[in-house]
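The values are calculated or read from the model by the stated rules, or taken from the named source; none is laboratory data. Please read these numbers as outputs of a predicted model, since none were measured by experiment. Note that each Cβ is placed from the backbone with ideal geometry, even for glycine, and that neighbours are counted across all protein chains shown. Ligands, DNA and RNA are stripped out before the accessible areas are found, and what is left, the full protein with its side chains, is counted by its heavy atoms. Shrake-Rupley method; radii C 1.70, N 1.55, O 1.52, S 1.80 Å.
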Amino acid sequence: MKSAFEKIKAALDSIDDAISLLREVAREDKKLAAALEDTIYYLEEAGEALSNILEDSYSSGE
């Protein structure tokens, strides 16, 4: 069973993957770019929040 750290890290990795995919779509389709802008922003904010949780809660190890 995965630890809380591993689960949060996996969620962060998934957010990073989603951001990358959506940025790629935005580059390819300018019409969608404007629509995706807010979604990308909120995913970045969520990723930053999870990073902070990992740093604050697990800075000295798991």
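Values for this structure:
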read-out: Nearest 10 degrees, 0 to 90: helix 30-58 Cα axis against the chain principal axis; value: 10 degrees
read-out: R27 versus Y42: modelled label distance in nm, points set 7 Å from Cα along the beta carbon direction; value: 2.5 nm
read-out: Qualifying aspartates and glutamates (Cα of each under 17 Å from Cα of K30; at least 8 residues distant if same chain); value: D38
read-out: The chain - percent of accessible surface contributed by carbon and sulfur, probe 1.4 Å; value: 53 percent
read-out: Environment charge of S14, counting only residues whose C-beta is closer than 14 Å and scoring Lys/Arg +1, Asp/Glu -1; value: -2
read-out: At q = 0.14, 0.25 Å⁻¹, base-10 log of I(q)/I(0) for the chain (Debye sum, equal scatterers on each alpha carbon); value: -0.47, -0.96
read-out: Relative contact order [Cα under 8 Å, 6+ residues apart], the chain, whole percent; value: 43 percent
read-out: C-alpha long axis of helix 4-28 to longest principal axis of the chain, angle in °; value: 10 degrees
read-out: Charge dipole of the chain about the Cα centre (unit charges at C-beta), most positive-ward option of G47, I19, L32; value: L32
read-out: Inter-probe distance in nm under a simple model that places probes 7 Å from Cα toward Cβ, at E55 and A18; value: 2.2 nm
